[in-house]
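These notes concern the structure reproduced below.
Readers should treat all values here as calculations from the given coordinates under stated rules, not as data from a laboratory. Here the structure is a predicted model, which is why all the values come from computation and not from measurement. No Cβ is skipped: glycine too gets one built from the backbone with ideal geometry, and neighbour counts run over all protein chains shown.
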Amino acid sequence: MDKNKILAEQNIEQVVKWKWDIVCNCKYRDGNWEIFNWESDTPQPSREEIEAEIPNYQTVLDNEATAKEEAKVEKANLKASAKAKLIAGEALTEAEANTIVL
């Protein structure tokens with residue numbers, strides 16, 4: 001597993017913020033969590049409701065990570081293409097030109 005990967009199950013506060021748009025604070029101990037501060041008049045969802053949303057939020061996190069990685073690869077590809085075209089004396093696309101630092 002990627003050591004930088006964000007795990008939803010270890011970030012219950014983020015799951016709650018994403019799903020219910022409410023700020024809370026949790027205590028984590030031995031793989032378990034407990035909400036100790038619920039900053040809303042809205043009733044707190046049950047543990048089961050929150051845990052049911054963990055896989056959904058993990059999908060969101062994974063999709064964001066994939067999109068960032070794809071953007072990084074695309075930028076590297078554009079940069080390589082721009083370099084090859086410059087060496088060959090060919091015209092660059094606007095996207096390729098935007099990768100050049102002057």
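To make sure I understand, if each residue's beta carbon is the centre and we count other beta carbons within 10 Å, what order do Ile100, Ile12 fall in, fewest to most?
The fewest-first ordering by Cβ neighbours comes to Ile100, Ile12.
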- [ ] Work out Dmax and Rg for the stretch 44-101 from the C-alpha atoms and quote the Rg first, both in angstrom.
- [x] 20.2, 64
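How do 47-56, 23-32 rank on mean C-beta neighbours within 10 Å, highest first? Numbers along the way, then the final one.
Numbers: 47-56: 13.2, 23-32: 11.2.
So the peptides 47-56, 23-32, ranked by packing, come out 47-56, 23-32.
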Task: Spin-label pair Ala95/Ser81, simplified geometry with 7 Å Cα→Cβ offset, distance in nm - done: 0.5 nm
- [ ] Just the Kirkwood number for the chain, please: inverse of mean 1/r across all distinct Cα pairs, in Å, one decimal.
- [x] 16.9 Å
Task: Extreme residue, positive dipole direction of the chain, given options Thr42, Val16, Ala76 (C-beta unit charges) - done: Ala76
- [ ] Sort Ser46, Ser81, Ser40 so the one with the fewest other Cβ atoms within 10 Å of its own Cβ comes first.
- [x] Ser46, Ser40, Ser81
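For the chain, what relative contact order do you get, as a whole percent, if you take Cα pairs closer than 8 Å and at least 6 residues apart? Don't jump to the answer; show the numbers that get you there.
On the way: 72 pairs, mean separation 19.6, N = 102.
About 19 percent, as a whole number.
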TODO: State, to one decimal in nm, how far the label point of Glu51 lies from the label point of Asn25, with both points 7 Å from Cα in the Cβ direction.
DONE: 2.5 nm
Open item on the list: Run the reach check for Lys83 against aspartates and glutamates, Cα to Cα strictly under 16 Å, same-chain hits fewer than 8 apart removed. What comes back?
Closed with: Glu74, Glu94, Glu96
- [ ] About the Cα centre of the chain, how large is the charge dipole given +1 on each Lys and Arg Cβ and -1 on each Asp and Glu Cβ? Please answer in debye to the nearest 20.
- [x] 620 debye
